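See below for the structure under consideration.
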Amino acid sequence: MSPRKATGKKPLPKSDAMLERIMAFNEAKGGGVLIEKRSKGYSLFREDNGRPIVRLCPSGKSDLVEIRWWSHRDKWEQIGDFGPMTMPLEEALTYISKDPMGIFWG
């Protein structure tokens with residue numbers, strides 16, 4: 001096998017369907033959220049003040065994501081005491097936007 005020759009061209013970034021869906025949801029809700037892909041997941045921050053909102057970590061099973069919140073310990077943590085909270089991406093985004101526990105937007 002011969003080494004690859006440098007062509008000076010950068011490879012095209014892979015499309016990220018999950019990131020595109022998160023961005024589309026944000027846009028449909030009027031924006032206001034910064035979305036960053038970081039280390040096998042997606043971190044969402046308030047655009048107005050940079051405060052962390054939520055971390056979505058794909059489970060590897062279909063479009064299930066684990067939802068993590070920014071805790072009082074200043075780190076991403078699981079929600080609840082009985083293991084990770086996982087749900088399909090669209091359901092997770094709706095759950096976060098409604099914030100029934102008051103932990104994302106407070």
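The values are calculated or read from the model by the stated rules, or taken from the named source; none is laboratory data. For clarity, every value in this text was computed on a predicted model and none was experimentally measured. Please note: Cβ atoms are built from the backbone with ideal geometry, for glycine as well, and neighbour counts cover all protein chains shown.
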For region 83-106, pairs from a residue that is more than 19 Å from D63 (Cβ to Cβ) to a residue that is charged (D, E, K, R) and loosely packed, with under 15 Cβ neighbours inside 10 Å, with Cβ under 7 Å and 6 or more apart or across chains, are W105/D99
Residues of region 45-56 being in contact (Cβ under 8 Å) with a residue 24 or more places away in the chain and under 17 Å from D16 (Cβ atoms), in sequence order, are L56
- Message: Yes or no: region 21-35 includes at least one residue that is modelled with pLDDT of 95 or more, within 17 Å of G106 (Cα to Cα), surrounded by 14 or more Cβ atoms within 10 Å (Cβ to Cβ) and among the aliphatic types (A, V, I, L, M).
- Response: yes
Picked from region 64-96 (must be of a type outside the set (V, I, T), under 14 Å from the mean Cα position of the chain (by Cα) and not in a strand (DSSP E or B)), the residue surrounded by the fewest Cβ atoms within 10 Å (Cβ to Cβ) is E90
The residue that is nearest to the chain's Cα centre (by Cα), considering only those in region 41-63 that are of a type in the set (S, T, Y) and crowded, with 16+ Cβ neighbours inside 10 Å, is Y42
Exactly one of K37, K61 is basic (K, R), closer than 24 Å to S15 by Cβ and assigned to a strand (DSSP E or B), and that residue is K37
Within region 40-56, residues outside any loop (DSSP other than H, G, I, E, B) and either under 16 Å from E90 (Cβ atoms) or basic (K, R) (or both) come out as Y42, L44, R46, V54, R55, L56
